[in-house]
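Enquirer: Mind looking over this structure? Questions follow.
FYI, it's all coordinate maths here, none of it is from the lab. If you're wondering where the values come from, they're calculated on a predicted model, not measured in any experiment. Backbone-built Cβ (ideal geometry, glycine too); neighbour counts: all protein chains shown.
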Amino acid sequence: MEAEHNDPRHAALDPSACRDSIRTRLGIACWLLCLGCQGISNHLTQWHMLGQEALEDPVQAVGGDATVVIPAANEASGKKNPTSASPQELVRCYAPVFVQQRVNTAAGPYPYPPEYDRIGAARLERDAEGKLRAFVAGPPTVYAIYQKRRIGARDHVQLTYTAWYPAHPRMKAIDLEEARIDSCVLRITLDDQNAPLFYETIAACGCFHKVFVARRLEDAALEQFAAPEKGHTYAVERVVKNAIDWEVAGTVDDPRDHPSRPVVFLKAGDHKVIGLNSSARLHTPPPDKTATYALTDYSELYALPVEGTTEKAPFFNLADGGKVWGAERKERFVFHLIGVDDAGHPRANDQIKLHFDQSTWDDMTIYGRYLRLPPGTL
């Protein structure tokens, strides 16, 4: 099974693995139905987050081996005062730093190539049958979106940054998430002074959604509401009846009048976020532990060159919910039983669904419904 997945460009669903997993699916399905969506979310998506102290030595914070991926020099500049910054300046100003954990899996039970943990560029090719197939290779590239959206009573700028990985490797005996193409998406919602209100991280499939809020917002919520609601850590978290609650995974202490780009800590293998904070206190490691990425517009993903041809095509199957070509997961068979559409499949930004399809990434009413925000926040 491992051999067929060594090259993410030519990986395919392994028929024998599918057959071997059939017996587990009924058990998993029963577990899903008995536990319920809220229970599933709590069981699968909550883990320890690194605190602000991780910024002092980011490599050691993630276990002693990591690559700190920063914007290239020409992308790293931004106005010191974001209030009057142009869209392009804001995108550069908040372009994140990624601290990507690295793990040597060669001696483990499920080894995978180290390039699976390297951010790359989105690419397209056609397979032997002439079908489009996405892959990720080449120099690190991050795809950015600037949008001005009506959220609450007024317009807010949202900045979204997407990093693509070649694959989600096999990490356990039966790994329904193993597949081609993985991702990390960061969205930053700004206030009327273009300072961050909150940061959301998610995979492009809709998994692992987390919210990190500005410390000043949590302080205002504590003053307004006196204490967090039962079962929650932060005052901005809301208990939502008959729905999956949002998890606020931490706060970001950054001065409103001089904000910095965020630092996103990422786990090896499944590429889930294990911490987020401000780069204002980041101690950048030596050059042998750093790499740079090119910042480009997300729109490029809709007209990629197809390898070996003069053709251009989107990275996504626009006729099928904006799903990345050839990046299906086996987990889709299991979660289909509770009505989830093609679980685990990475999608175009405006097609991401979250929390087992209870809401969509493109719906701007979600903040008022799933966060307990003080009056006037939005």
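Enquirer: Using only Cα atoms, figure out Rg for segment 156-236 and give it as a multiple of 2.2 N^0.38 Å.
Expert: That works out to 1.44 for segment 156-236.
Enquirer: A further question follows. How long are the three semi-axes of the equivalent ellipsoid of segment 217-291, in whole Å, if each is the root of 5 times an eigenvalue of the C-alpha gyration tensor, listed from largest down?
Expert: So the three semi-axes of segment 217-291 are 30, 19, 8 Å.
Enquirer: Normalized C-alpha radius of gyration of segment 104-205, against 2.2 N^0.38 Å?
Expert: Cα Rg divided by the expected 2.2 N^0.38 Å: 1.39.
Enquirer: Suppose the chain between A173 and A294 were pulled fully straight at 0.36 nm per residue; how much longer would it get relative to their current alpha carbon spacing?
Expert: Using 0.36 nm per residue and subtracting the Cα-Cα distance, I get 40.0 nm.
Enquirer: Strictly over 22 Å apart at the Cα level, which of K330/K353; K272/K330; K172/K272; K210/K330; K210/K267; K241/K353 would you flag in this model?
Expert: K210/K330
Enquirer: Next up: Separation between the A226 and E56 pseudo-spin-labels, each 7 Å from Cα along Cα→Cβ, expressed in nm?
Expert: 3.7 nm
Enquirer: To the nearest µm²/s, what D does Stokes-Einstein give for segment 134-270 at 25 °C and 0.890 mPa s, using the Kirkwood radius over alpha carbon pairs as Rh?
Expert: 144 µm²/s
Enquirer: Hey, another quick one. Taking Rh as the Kirkwood radius, which is the inverse of the mean 1/r over Cα pairs, what is the Rg/Rh value for segment 234-344?
Expert: Using Cα coordinates only, the ratio equals 1.04.
Enquirer: Right, here's the next one. Mind checking the full-extension length gain between H48 and D362? Use 0.36 nm per residue of separation minus the Cα-Cα distance, one decimal, nm.
Expert: Roughly 110.3 nm would be gained on extension.
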